[in-house]
Amino acid sequence: IILEGDGDIDPSSWSLLAELMQRASAECPQIMLIVSSRDSPTITSAASNLRRNAIQVKLTPFEKYETEQYLRVLLGVKDRSITIDQRLLDVVHDRANGCPLFIECVARWALEKDMIEFVEGSKKMSLKMLDERSDDVTAAIPRELSNILLAPFNKLSPPLWDVLKITSCIGYSFDADLYSTLNQVVDFMPKIRELSAKYDCFEQTGSHFRWKQQAVYEAVKSLLMVNQRQKIHKLIVRAFEQSKINQIDDIKGGDVRRLLGRHCALAEDWAGAFEQYLRAGDRANAMFNFNEASKMYEEAIDFQAKMSEQPPLRSRMIPTINLGTCLRELARYKEAESVLTRCLNEAQGVFSDIALDEELYVRALTALAALYQAQSKYDA
């Protein structure tokens with residue numbers, strides 16, 4: 001099982017990893033979990049056991065001698081008497097910054113342009129001098145790697161470029177049924193199919209699409225500034241809100257709420273993210289999927305804490321009480337007790353608000369009483 005992350009891993013994913021690790025030894029001893037992250041991930045307290053039971057591997061860029069070895073493989077050089085010209089090695093290593101994926105892209109691009117040749121006299125793989133008037137052959141290879149990777153798309157129309165950028169914000173893969181909501185805004189899916197047919201950007205399995213080349217996905221994403229990404233996520237949120245979202249919700253279950261919550265969060269709309277994760281949790285709770293519901297309520301509580309204006313006590317208590325109830329159903333009694341007790345302590349500290357919502361306060365007490373009852377039967 002491989003979990004890939006563009007940034008920090010969210011709390012619910014860490015909880016899932018911790019649970020898989022706990023159960024794997026007894027139920028599936030052959031399982032291997034691989035978690036990838038661009039930065040050193042912040043491991044939450046719920047997954048602290050991963051620090052003891054996991055092996056952390058840090059992948060660093062190639063050194064120049066490693067770039068040379070990989071170039072030999074890419075160019076099919078098996079004869080040890082044949083070497084890689086220093087200028088060729090320097091420019092490839094410089095353009096790719098030691099990344100194996102990008103080394104391959106630079107080498108492929110140069111080969112397609114017929115810029116690499118074998119020099120019989122010196123027995124070297126060298127850069128070919130394409131312009132006799134220029135002393136610097138390395139200048140022919142663009143310094144920005146994205147220019148190399150995106151060269152095939154230079155003649156794309158602006159609407160197709162817009163769809164590429166939107167797709168890079170959606171992620172490496174996506175569900176066509178869910179994101180058909182963007183059709184009215186940017187004619188999204190027809191353009192995705194056009195990009196697949198004419199430019200080979202995506203591959204399709206059923207209703208799921210994914211980028212055909214990870215490097216192209218990364219290159220398109222690198223073109224966007226932070227504020228541009230936020231605007232795109234806001235556009236996606238608006239498209240979902242303007243569509244018949246309840247019908248999509250019925251077809252795809254809680255997926256649409258989770259996805260919309262994610263886009264709200266990336267647009268830094270914390271209130272929207274809270275609302276969507278809360279509704280995703282309510283849906284999972286109603287279907288007795290307490291494990292999923294607890295993760296969604298945890299996300300909702302996290303985003304609630306980021307809201308600039310402190311929400312009323314009722315808004316703070318509802319997801320916390322629901323989380324405690326789900327944890328009780330999962331027999332995670334200590335966690336449930338901690339969550340519900342903290343909720344009640346906060347409520348008691350704001351007595352004036354409690355008087356306005358006694359029903360909710362009683363509900364929290366009832367949830368804690370039900371927990372103690374279930375825990376007593378478990379202990380017995």
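The values are calculated or read from the model by the stated rules, or taken from the named source; none is laboratory data. This is a predicted model, so every value here is computed, not measured. Quick reminder, even Gly has a Cβ in these numbers, built from the backbone with ideal geometry, and neighbours come from all protein chains shown. All accessible areas refer to the heavy atoms of the entire protein, side chains included, with ligands and DNA or RNA removed. Shrake-Rupley method; radii C 1.70, N 1.55, O 1.52, S 1.80 Å.
Hey, can you tell me all the residues within segment 82-104 that are open to solvent by 60 Å² or more (accessible area, probe 1.4 Å) and either on the phi < 0 side of the Ramachandran plot or among the aliphatic types (A, V, I, L, M) (or both)?
Residues of segment 82-104 that are open to solvent by 60 Å² or more (accessible area, probe 1.4 Å), as a first pass: 86-87, 94, 97, 101, 104.
GLN86, ARG87, ASP94, LEU101, GLU104, listed by residue number.
Determine which member of the set ARG108, ARG143 is closer than 29 Å to LYS212 by Cα, of a type outside the set (A, V, I, L, M) and at pLDDT 85 or above. Even if it seems obvious, please write down each step before you answer.
Details: ARG143 fails: at pLDDT 85 or above.
After applying the criteria, what remains is ARG108.
Out of segment 158-171, which residues are open to solvent by less than 50 Å² (accessible area, probe 1.4 Å) and either among the charged types (D, E, K, R) or not in a helix (DSSP H, G or I) (or both)?
Of everything in segment 158-171, just one residue is open to solvent by less than 50 Å² (accessible area, probe 1.4 Å) and either among the charged types (D, E, K, R) or not in a helix (DSSP H, G or I) (or both), namely GLY171.
Here is a check on your reading of the model: is THR366 at pLDDT below 85, more than 23 Å from ARG283 (Cα to Cα), exposed (fewer than 15 other Cβ atoms within 10 Å of the Cβ) and out of contact with any His (no Cβ under 6 Å at 6 or more places or on another chain)? I'd like the intermediate steps shown before the answer.
Working: at pLDDT below 85: yes; more than 23 Å from ARG283 (Cα to Cα): no; exposed (fewer than 15 other Cβ atoms within 10 Å of the Cβ): yes; out of contact with any His (no Cβ under 6 Å at 6 or more places or on another chain): yes.
So THR366 fails the test.
Here is a check on your reading of the model: is ASP177 surrounded by fewer than 16 Cβ atoms within 10 Å (Cβ to Cβ) and farther than 21 Å from ARG229 by Cα? Break it down into steps so the answer makes sense when it comes.
Working: surrounded by fewer than 16 Cβ atoms within 10 Å (Cβ to Cβ): no; farther than 21 Å from ARG229 by Cα: yes.
Criteria not met by ASP177.
If ASN289 passes every condition in (1) open to solvent by less than 50 Å² (accessible area, probe 1.4 Å); (2) modelled with pLDDT under 90 but one, which one does it miss?
The single condition ASN289 does not satisfy is (1).
Just a yes or no: is a residue in segment 45-60 in contact with a Phe, Trp or Tyr (Cβ under 7 Å, 6 or more places away or on another chain) and either small (Gly, Ala, Ser) or modelled with pLDDT of 85 or more (or both)? Before you say what the answer is, go through the steps one by one.
Of segment 45-60, the ones in contact with a Phe, Trp or Tyr (Cβ under 7 Å, 6 or more places away or on another chain) are 46-47.
Next cut, either small (Gly, Ala, Ser) or modelled with pLDDT of 85 or more (or both) only: 46-47.
Yes, because at least one residue in segment 45-60 is in contact with a Phe, Trp or Tyr (Cβ under 7 Å, 6 or more places away or on another chain) and either small (Gly, Ala, Ser) or modelled with pLDDT of 85 or more (or both).
What are the pairs with Cβ atoms under 8 angstrom where one residue, in segment 253-279, is open to solvent by less than 10 Å² (accessible area, probe 1.4 Å) and the other, located anywhere, is of a type in the set (Ser, Thr, Tyr) and modelled with pLDDT of 90 or more? Sequence gap at least six, or different chains.
ARG257/TYR277; GLY261/TYR277
Give me the residue from segment 223-248 that is open to solvent by 20 Å² or more (accessible area, probe 1.4 Å) and within 19 Å of LEU278 (Cβ to Cβ) and, out of that set, modelled with the highest pLDDT. Show your work before the answer.
Start the filter on segment 223-248 by keeping residues that are open to solvent by 20 Å² or more (accessible area, probe 1.4 Å), which leaves 223, 225-232, 234-235, 238, 241-248.
Still in the running and within 19 Å of LEU278 (Cβ to Cβ): 241, 245-246, 248.
Values: GLU241: 83, ILE245: 60, ASN246: 59, ILE248: 56.
Looking at the filtered set, the residue picked out is GLU241.
In segment 194-218, which residues are among the charged types (D, E, K, R), open to solvent by 90 Å² or more (accessible area, probe 1.4 Å) and modelled with pLDDT of 90 or more? It would help to see each step written out before you state the result.
The first filter runs over segment 194-218 and keeps only residues among the charged types (D, E, K, R), leaving 194, 198, 200, 203, 210, 212, 218.
After this cut, where a residue has to be open to solvent by 90 Å² or more (accessible area, probe 1.4 Å) as well, the list is 198, 210, 212.
If the condition is that a residue be among the charged types (D, E, K, R), open to solvent by 90 Å² or more (accessible area, probe 1.4 Å) and modelled with pLDDT of 90 or more, then LYS198, ARG210 are the ones that fit.
Tell me, which residue of segment 176-207 that is part of a strand (DSSP E or B) and in contact with a helix residue (DSSP H, G or I) (Cβ under 7 Å, 6 or more places away or on another chain) is farthest from ASP255 (Cα to Cα)?
Initially, segment 176-207 is screened for residues part of a strand (DSSP E or B), giving 202-205.
Remaining after also requiring in contact with a helix residue (DSSP H, G or I) (Cβ under 7 Å, 6 or more places away or on another chain): 202, 204.
On the way: PHE202: 22, GLN204: 19 Å.
If we take residues in segment 176-207 being part of a strand (DSSP E or B) and in contact with a helix residue (DSSP H, G or I) (Cβ under 7 Å, 6 or more places away or on another chain), then PHE202 is farthest from ASP255 (Cα to Cα).
Residue check: is SER315 among the polar types (S, T, N, Q), open to solvent by less than 50 Å² (accessible area, probe 1.4 Å) and modelled with pLDDT under 80? Before you say what the answer is, go through the steps one by one.
On the way: among the polar types (S, T, N, Q): yes; open to solvent by less than 50 Å² (accessible area, probe 1.4 Å): yes; modelled with pLDDT under 80: yes.
Criteria met by SER315.
What residue, among those in segment 148-178 that are hydroxyl-bearing (Ser, Thr, Tyr) and in contact (Cβ under 8 Å) with a residue 24 or more places away in the chain, is farthest from ARG95 (Cα to Cα)?
Keep residues of segment 148-178 that are hydroxyl-bearing (Ser, Thr, Tyr), which gives 157, 167-168, 172-173.
Of the ones still in play, those that are also in contact (Cβ under 8 Å) with a residue 24 or more places away in the chain are 167-168, 172-173.
Details: THR167: 25, SER168: 22, TYR172: 24, SER173: 27 Å.
This residue is SER173.
For the subset of segment 334-352 comprising residues that are modelled with pLDDT under 75 and open to solvent by 60 Å² or more (accessible area, probe 1.4 Å), which member is farthest from LEU368 (Cα to Cα)? If you could, list the steps in order and put the result at the bottom.
Within segment 334-352, the subset modelled with pLDDT under 75 is 346-352.
Then drop every residue that is not open to solvent by 60 Å² or more (accessible area, probe 1.4 Å), which leaves 346, 348-349, 351-352.
Details: GLU346: 14, GLN348: 15, GLY349: 18, PHE351: 19, SER352: 22 Å.
Applying the filter and picking the extreme gives SER352.
Which one of these does GLU194 not meet: (1) touching a residue at least 24 places away in the same chain (Cβ under 8 Å); (2) within 29 Å of ALA305 (Cα to Cα); (3) in contact with a Leu (Cβ under 9 Å, 6 or more places away or on another chain)?
So the condition that GLU194 fails would be (2).
List pairs: first residue in segment 74-94 and closer than 12 Å to SER126 by Cα and of a type in the set (Asp, Glu), second residue in a helix (DSSP H, G or I) and open to solvent by 50 Å² or more (accessible area, probe 1.4 Å) anywhere in the structure, Cβ distance under 9 angstrom, at least six positions apart or on different chains.
ASP90/LYS64
Among the residues of segment 298-306, is there at least one that is closer than 20 Å to ALA369 by Cβ, open to solvent by 10 Å² or more (accessible area, probe 1.4 Å), in contact with a helix residue (DSSP H, G or I) (Cβ under 7 Å, 6 or more places away or on another chain) and of a type outside the set (A, V, I, L, M, F, W, C)? Show your work before the answer.
We begin by selecting, within segment 298-306, every residue closer than 20 Å to ALA369 by Cβ; these are none.
No, that holds for no residue.
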